[in-house]
Structure formats: structure tokens, C-alpha cells
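**Student:** Structure below; questions to follow.
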Amino acid sequence: MSPPERTFHDAERGFTSTVPPKIIFDQDDAPTEDALELPSVDSTPHRGQPTGTPRHAHALAKPPRRERRALRKQKRRERSTIVGRHPKTTVLLVLLVLLTPLWASLGSAATNPALGPTMGTRLTEWVRGHGGGGIVTWTENVWYTWNAPAKGGKPAAGAIPVAVPSTSTVPVPTGPVHLAAPAAITPFVALPTAGEGEWHAIGRTVDGIPTMYAAYLRPNAVNTSLVTGVAWMDTKLLSAKLYAGSSIPGTGQTFSATAPITGPALNTLDAAFNSGFRMQDSQGGFYLDGIAAVPLVAGKASLVIDSAGNVDVGSWGSEVAMTPTTVAVRQNLDLIVDNGQPVAGLNANDNIKWGATLGGRVQVWRSGVGVSSTGALVYVGGSGLSIVDLANLLVRAGCVRAMELDINTAWVNFTHFDLAYDAPASAATGTLLTSDQSTSPGRYFAPLSRDFFTMSVRPVTIPAAPSHVAK
């Protein structure tokens, strides 16, 4: 006869199990008392088992995070190699070693004044030169979008100086051959500020005759708090010169005039101003001292200087061309003024043809240069300018042909030197065309990555002072 089944109920764990009868064939196979006490676990929960109870409620609990972390650290400490014991530190050290040339290059750029006046400018130049043009474009676009010029408003006090009426009855001396002083510029706003568009003599004088004039006016009728500077230069009294920079043209040649300005040139220096884009962005060429460092491109806007220091601006191959006396040609994009009018197709929102580095529809610092019908050289520079504003300003200032030069805050700079005829120029004696230019006159007296132009007083014979010795 088989023994009866035995039933066990565990109220704490919530299950019931049974021990089935077992047939005994031999006395030796008889179950012990302990064996009879071990129930078989029924995997099916009892009806009274609480909902959500784990299926294996008897499993060990997972160690807390702190204990697991301590265990991992203990395992690392027990590893046989230093790399195994300090994997993160090892990876960091390897990266630092592999990137040492990068850190060295960045450090050198950050402390190199030739790359720009500020650390931010220098690092930007470094990024551009190492394939990061897209990053710079995006950053500039964001910055200019957040800092778009305000609409309306009034200029800052003193931004437009009021001309002082002359009470002198002494006639202007005839002296050396010179251009007639320019007529006042017609403002763009309906209610001009006192002195807006009027010319002021700046720079050196030759036998009492001003070599340059400056005027200040709002660039349009919308952004009326902005003020743009215009410089008019007498090319009969002044000669032009192109200075190469350390990275422009950047083709390895040695040129006769390279930044900084030194020597006898300091005694006649009247003005210095920025040139155009980097060569890879200019769409044109660079010619100096008989060397076409970057091939000249037909049709591109070109500033041309001959051996006598005469300067002209025009479209290469038609309005200006290579001659036996040509010593310098700097090209930058296309003309923005031709035949006394802004060229067709100028679009303020075109961020490709007139400044791809900006990366967006923004108004920014811009500069341009052109020639008048009488041969005067005219420079325009200021903040918040579209390409249309720049062209309109050059036309209002009397230009018949004009081109865009460099753009962005760090590169737009015009400095003049209000000195006696033969006094040497220096960083301390330079004056900015507009007070809000971000770079100082000192940029031209130190190594500089960018090329630039200078205007210097031509050699002239100044009449001797009359003798007061009694006869």
C-alpha cells in the first residue's frame, strides 16, 4: 500500500506544495525524514500571492551601485599592468601626446601678432588656415545675426564732427600741382546732422595744401545710428604703395615692401589702409615687383599702381591692364561701381558673391576703394554695411569705378597721420578714420599677416621762407 500524499503550506512565501507518495522497492530505498520534509516548489503562484511578486522571490538582491563601483575599482587595482590599472588616464595621456603638434600650433597662433590684433582674431585666422572655414562662417553668421545693426536712432555724440568755419582771409597758396577739394557729400537721411557729409582736412599738408579730407555720414535712411567714414586722397600730392603680408599672398616670394613699415618711408607716410580678402577668397590675383604670385584674372576688380605711385581702379583687361610701368596689382572680387553707378545685380542679401565668409544675410563691417573722375582715391569703411550701402557711399563720394576691400570687424582699418611734412609716423601718431574701428594704428608698424596699402607724400620742393635781412 502506498503512503498517502503529504501537503505543505508556506504562508510567508505564499505557495503550497505536495510531496507525492513514493513506491519503496527495498528497505534501503526508504526515504529519510529529512527527505520527506523537502517540498518541491510549485512554479505556479498561489491565488493568495500578491500581484507583482517576483517569480523567484528567493533570488539574492542586486548589490547597490556604490558596492558595484567599489568592486570594479578593486578589480582594476588587482590588474598586473599600469595601463590596466589606469585606463582612462592612459588614454588621456596618449591623446595629449598625439595632439602636441596641434597645441603647439594653436599656442603659436594665439601669440602671433601678425595674425591679427586680438587672440580671437588670431585663432580665427588659424582655424581658417586649417580647413575650418565652415566653422568660422557659421560662427560669424550667428554673431552678426545676434548683433544686427539697430534701426533708427541717432549717432553717438561726436561721431559726426561739425566743420569749423574758416575766418582766414589768406588765399590758398598755389604751391605744387594738386586736385581741387571735393564737394560735400549729399546725406542719405532727410534730416542730416550738423556737419554730415562735410569734408575736414586730415593728414599732412604740402606747402599749406591738405593732402586728404575726411567726411562722415549715415550709410542709409534706416540704420540712422551708424556712421561711416570716407577718406578722399589727392593723388597729385600722394603716391600709392602695396605692402605684402606674411600670409598674403603667402606663396613664398620675397617682396621689396613687406609689413611692417620702416625706414625713410615713415617720414612721408600719410595714410595706411587694409587691402582685400585672403587670396583663396578674393577670386583674383596678386602681382608685385614683377612677380605674379597669384595669377591675375581677367574681368576682376583691380587696384593698379605704377612705378610713379599713380593708382587706378578698374576691371582687369579692359579698364586697367598690365603696362611696362606696372609694379603692383591687387584683385578682389568684381567691381561694385562702374561708370559712376552701382553695378547691376548688387544684392544686399547675396552672401556668396560679395563675402562668402559671412555665411548669412547680415550687415557687417565693410570697406571699399575707388577713383573719382579727377583721379582722386576714395576709401570708405564702416560698420553695419551691406554691399549695396558700400556701393552707394562710394558713388556719393564721387567714384566712377570702385571695388570692395576686406570685411569683418578685425580687418577694416584706415589710419591717417596728421604730422608736419617730414616728421616720422609711428603707432602713437596715427589717427583712426572712425573711432569705433577695432584695430589700432600700431598694426602697420609690426608684422602683419594681411597685405595693405599706403599713401605717402610725393617728393616736392617747398619754397624757402622769405628772408627778413635788411638790404
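**Student:** By how many nm would the segment from Leu71 to Val91 grow when fully extended, if each residue of separation counts as 0.36 nm and the alpha-carbon distance is taken off? Numbers along the way, then the final one.
**Tutor:** On the way: separation 20, 0.36 × 20 = 7.20 nm, distance 2.19 nm.
So the chain would gain 5.0 nm between Leu71 and Val91.
**Student:** I've got another one for you. Exposure proxy check: Ser456, Ser315 ranked by fewest other beta carbons within 10 Å? Present the calculation step by step, with values, prior to reporting the outcome.
**Tutor:** Details: Ser456 25, Ser315 20.
Fewest to most other Cβ atoms nearby, the residues stand as Ser315, Ser456.
**Student:** How much length would be gained if the chain were fully extended between Ser373 and Ala156, taking 0.36 nm per residue of separation minus their Cα-Cα distance, in nm to one decimal?
**Tutor:** On the way: separation 217, 0.36 × 217 = 78.12 nm, distance 3.31 nm.
Here the answer is 74.8 nm.
**Student:** Mind checking the dipole of region 304-429: about its Cα centre, +1 per Lys or Arg Cβ, -1 per Asp or Glu Cβ, Debye to the nearest 20?
**Tutor:** Taking the Cα centre of region 304-429 as origin, the dipole is about 300 debye.
**Student:** Which of Val380, Val364 comes first, and how do the rest follow, when ranked by fewest Cβ neighbours within 10 Å? Intermediate results must be reported in sequence, preceding the final value.
**Tutor:** Numbers: Val380 31, Val364 23.
Taking fewest neighbouring Cβ atoms as first place, the list is Val364, Val380.
**Student:** With r as the distance between the Cβ atoms of Ser256 and Ala308 and R0 = 22 Å, compute the FRET efficiency 1/(1 + (r/R0)^6) and round to 0.05. Before the final figure, lay out each step's value.
**Tutor:** Values: r = 16 Å, r/R0 = 0.71.
Once the sixth-power term is evaluated, E becomes 0.90.
**Student:** Is the shape of region 188-260 best called rounded, prolate or oblate, per the rule: a/c under 1.5 gives rounded, else a/b larger than b/c gives prolate, else oblate, with a ≥ b ≥ c the square roots of the Cα gyration tensor eigenvalues? Each step should come with its number before you reach the end.
**Tutor:** Working: a/c = 4.50, a/b = 1.61, b/c = 2.79.
It is oblate, given that a/c is not under 1.5 and a/b is not larger than b/c.
**Student:** Would you list Val327, Val369, Val94, Val189 from fewest to most Cβ contacts within 10 Å? Numbers along the way, then the final one.
**Tutor:** On the way: Val327 19, Val369 30, Val94 11, Val189 15.
Fewest to most other Cβ atoms nearby, the residues stand as Val94, Val189, Val327, Val369.
Read-outs: derived from the displayed coordinates by stated rules, not from any lab. Just so it is clear, the model here is predicted, and its values are computed rather than measured. Using ideal geometry, Cβ is built from the backbone for each residue, glycine included, and neighbour counts are taken over all protein chains shown.
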